[in-house]
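J.: Below is the structure I would like to discuss, written out as structure tokens.
The values are calculated or read from the model by the stated rules, or taken from the named source; none is laboratory data. Quick caveat, the model's predicted, so the values are computed rather than measured. Cβ placement follows ideal geometry from the backbone for every residue including glycine, while neighbour counts extend to all protein chains displayed. Keep in mind that these areas ignore ligands, DNA and RNA; they rest on the heavy atoms of the full protein, side chains included. Shrake-Rupley method; radii C 1.70, N 1.55, O 1.52, S 1.80 Å.
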Amino acid sequence: MDHSHAPVLAALADYRRRHMRPYSPPGHKQGAGTDPRVAEVLGQGVFASDLLLMNGLDDRRLSGEVLAQAAALMADAVHADHTFFSTCGSSLSVKSAMVSVAGPHEKLLVARNAHKSVVAGLIIAGIEPVWVHPRWDAGHHFAYPPGPEEVEAAFEREPDAKGMLLISPTAYGTCADLRGVAEVCHRRGRPLVVDEAWGAHLPFHEDLPTWAMDAEGDLCVTSVHKMGAGLEQSSVFHLRGDLVDPDVLKAREDLLGTTSPSVLMYAALDGWRRQMVERGHELLGRALDLSRRTRAEIAALAGLAPLGADELTGPGRAFDHDPLMLTIDVSGLGTSGYGVADWLRCNRQVDVGLADHRRVVAQLTHADTEESCLDLIDAFTELVKQRDELPPPAGVRLPSPAGLELDTVMLPRDAFFGPAEQVPIQDAAGRVAAEMASPYPPGVPAVAPGERISREVADYLRSGIEAGMYLPDAADQSLRTLRVVAR
């Protein structure tokens with residue numbers, strides 16, 4: 001296929017050259033009605049390129065097949081049979097994938113370190129989760145993706161499960177043995193669905209972890225805005241093989257997706273695919289080199305410990321690690337990741353993507369340069385010099401691995417939509433959760449609806465809030481109370 005062609009961008013350029021006059025949404029009419037103060041910040045070009053797909057970029061029957069061509073090119077670029085574009089983020093794409101594999105009251109194996117969007121999919125669809133617990137690292141207080149052994153054991157417990165949903169890479173860059181898990185699923189004729197939101201770049205360089213389609217995965221979801229060059233909310237999901245019907249997947253996506261997709265997002269996805277096919281290996285090779293050097297410089301700073309493959313992979317841990325995710329343990333500075341993230345933002349205008357009780361994560365991409373990496377190194381260098389100004393360690397009461405493995409006693413949908421009440425957090429232990437409680441980022445629920453809350457988890461969440469944890473989905477974000485199933 002001709003990967004020098006970008007169908008969406010070409011159609012958009014043609015639309016603008018022809019000076020088309022729209023009498024349809026969007027109401028700003030290519031920026032004519034935009035407040036100049038808004039255009040000054042966003043740029044007039046954003047509005048000039050914001051138009052409808054149907055009766056806009058393409059005709060009313062989509063006979064130009066602009067989007068279909070772009071999706072076919074994307075599939076070819078990453079060795080998939082079919083690709084679907086989404087402008088609602090992978091939070092929606094993963095729901096489309098889930099309901100294409102399992103339906104109401106059917107069972108689905110789900111890695112328990114799943115993002116909150118996966119739990120939301122369980123609630124909406126009425127799917128019964130069979131939780132596959134991750135591998136716990138008590139030393140680093142880490143959860144690694146489950147491996148083939150854990151998935152095999154789960155299938156033996158629940159042989160009628162419709163498939164497996166796995167999260168890889170995690171927000172810390174840790175990766176699962178996708179090929180091994182796929183083999184376990186395929187021996188039973190079941191599909192492997194991979195939430196690969198952090199893996200858009202993986203197909204384009206051999207020194208990165210193997211991605212789902214090359215590891216015999218059946219269906220995967222990718223957030224191109226995370227590690228690629230898509231606009232926020234842009235997502236793609238890819239399908240291969242015959243274990244998931246592409247017509248079913250399209251129908252499920254149509255059920256959940258928007259009827260007013262953003263051409264801006266489609267155009268950025270289309271252009272990113274072309275960029276990666278033409279220059280991705282070169283750009284990612286440079287990023288990998290920058291990552292190695294940046295990691296070494298940070299490792300030389302007292303009190304900072306970048307965690308890579310040596311620390312995070314091996315028996316009982318992750319199968320692989322993405323070197324572009326700089327996961328830095330800051331506990332040697334006598335502070336928390338929360339405190340470091342706040343200090344970097346306030347004092348050095350540096351934002352990190354994730355902070356927890358002892359780590360921050362700085363992601364590098366093909367967009368980074370010598371200058372941007374030097375800025376990061378300089379910020380951490382100054383941080384170490386100012387370590388006496390940093391807040392004390394977060395007083396988070398971390399649960400044991402066993403304490404995190406809660407019993408599911410109700411279908412998540414029934415617990416979420418049924419009668420509920422707010423109870424003081426100190427009285428929540430032993431009650432059944434009616435809401436999610438997800439430290440964010442990375443947004444993995446510590447408690448999911450239908451699970452019986454343990455004392456350890458209740459203490460962990462409450463102490464986490466006091467230490468600086470952000471919990472966006474609980475009704476009471478202060479977590480003085482928690483929503484539970486009414487008795």
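J.: Looking at (1) open to solvent by 80 Å² or more (accessible area, probe 1.4 Å); (2) farther than 30 Å from P306 by Cβ; (3) of a type outside the set (D, E); (4) not in a helix (DSSP H, G or I), which is the only condition A429 fails?
T.: The one condition A429 does not meet is (1).
J.: Looking at A486, A415, which one is surrounded by fewer than 14 Cβ atoms within 10 Å (Cβ to Cβ), more than 26 Å from S331 (Cα to Cα) and hydrophobic (A, V, I, L, M, F, W, C)?
T.: Only one candidate passes the filter, namely A486.
J.: Oh, and also: When you look at R293, is it surrounded by fewer than 17 Cβ atoms within 10 Å (Cβ to Cβ), part of a helix (DSSP H, G or I) and of a type in the set (K, R), yes or no?
T.: Spelling it out, R293 is indeed surrounded by fewer than 17 Cβ atoms within 10 Å (Cβ to Cβ), part of a helix (DSSP H, G or I) and of a type in the set (K, R).
J.: Does R187 qualify as being modelled with pLDDT of 95 or more, open to solvent by 30 Å² or more (accessible area, probe 1.4 Å) and touching a helix residue (DSSP H, G or I) at 6+ places or on another chain (Cβ under 6 Å)?
T.: no
J.: Given the conditions (1) in contact with a His (Cβ under 7 Å, 6 or more places away or on another chain); (2) over 19 Å from R295 (Cβ atoms); (3) of a type outside the set (A, V, I, L, M), which single one is not true for G337?
T.: If we test G337 against (1) in contact with a His (Cβ under 7 Å, 6 or more places away or on another chain); (2) over 19 Å from R295 (Cβ atoms); (3) of a type outside the set (A, V, I, L, M), just (2) comes out false.
J.: If you go through the stretch 39-49 one residue at a time, do you hit one that is open to solvent by less than 60 Å² (accessible area, probe 1.4 Å), assigned to a helix (DSSP H, G or I) and free of Cβ contacts under 8 Å to residues at least 12 places away in the same chain?
T.: yes
J.: In the stretch 24-66, how many are closer than 18 Å to T259 by Cα and not small (G, A, S)?
T.: Here the count works out to 16.
J.: In the stretch 1-38, what residues are outside any loop (DSSP other than H, G, I, E, B) and under 30 Å from A80 (Cβ atoms)?
T.: P7, V8, L9, A10, A11, L12, A13, D14, Y15
J.: Looking only at the stretch 254-285, which residues are assigned to a loop (DSSP other than H, G, I, E, B), open to solvent by 30 Å² or more (accessible area, probe 1.4 Å) and not small (G, A, S)?
T.: Filtering the stretch 254-285 for residues assigned to a loop (DSSP other than H, G, I, E, B) gives 257-262.
Applying the additional criterion that residues be open to solvent by 30 Å² or more (accessible area, probe 1.4 Å) yields 258-260.
T258, T259 - these are the residues of the stretch 254-285 that are assigned to a loop (DSSP other than H, G, I, E, B), open to solvent by 30 Å² or more (accessible area, probe 1.4 Å) and not small (G, A, S).
J.: Right, something else. Considering only residues that are among the acidic types (D, E), within 20 Å of A200 (Cα to Cα) and either buried (at least 16 other Cβ atoms within 10 Å of the Cβ) or over 21 Å from the mean Cα position of the chain (by Cα) (or both), which ones fall in the stretch 231-253? Even if it seems obvious, please write down each step before you answer.
T.: Here is the first cut: in the stretch 231-253, the ones among the acidic types (D, E) are 232, 242, 245, 247, 253.
Of the ones still in play, those that are also within 20 Å of A200 (Cα to Cα) are 232, 253.
Within the stretch 231-253, E253 is the sole residue that qualifies.
J.: Here is a further query. Just to be sure I understand, how many residues within the stretch 399-409 are open to solvent by less than 60 Å² (accessible area, probe 1.4 Å), out of contact with any helix residue (DSSP H, G or I) (no Cβ under 6 Å at 6 or more places or on another chain) and not hydroxyl-bearing (S, T, Y)?
T.: Count: 3.
J.: Being surrounded by fewer than 24 Cβ atoms within 10 Å (Cβ to Cβ), basic (K, R) and more than 29 Å from G353 (Cα to Cα): is that true of R157 here?
T.: yes
J.: Under the condition of being open to solvent by 50 Å² or more (accessible area, probe 1.4 Å) and either among the charged types (D, E, K, R) or under 25 Å from R358 (Cβ atoms) (or both), which residue from the stretch 463-483 is farthest from the chain's Cα centre (by Cα)?
T.: Per the stated criteria, the residue is R480.
J.: Would you say T369 is surrounded by 15 or more Cβ atoms within 10 Å (Cβ to Cβ) and polar (S, T, N, Q)?
T.: no
J.: Also, I was wondering about something else. Could you list, in sequence order, all residues of the stretch 99-156 that are of a type in the set (D, E), over 22 Å from V248 (Cβ atoms) and modelled with pLDDT of 95 or more?
T.: E149, E150, E152, E156
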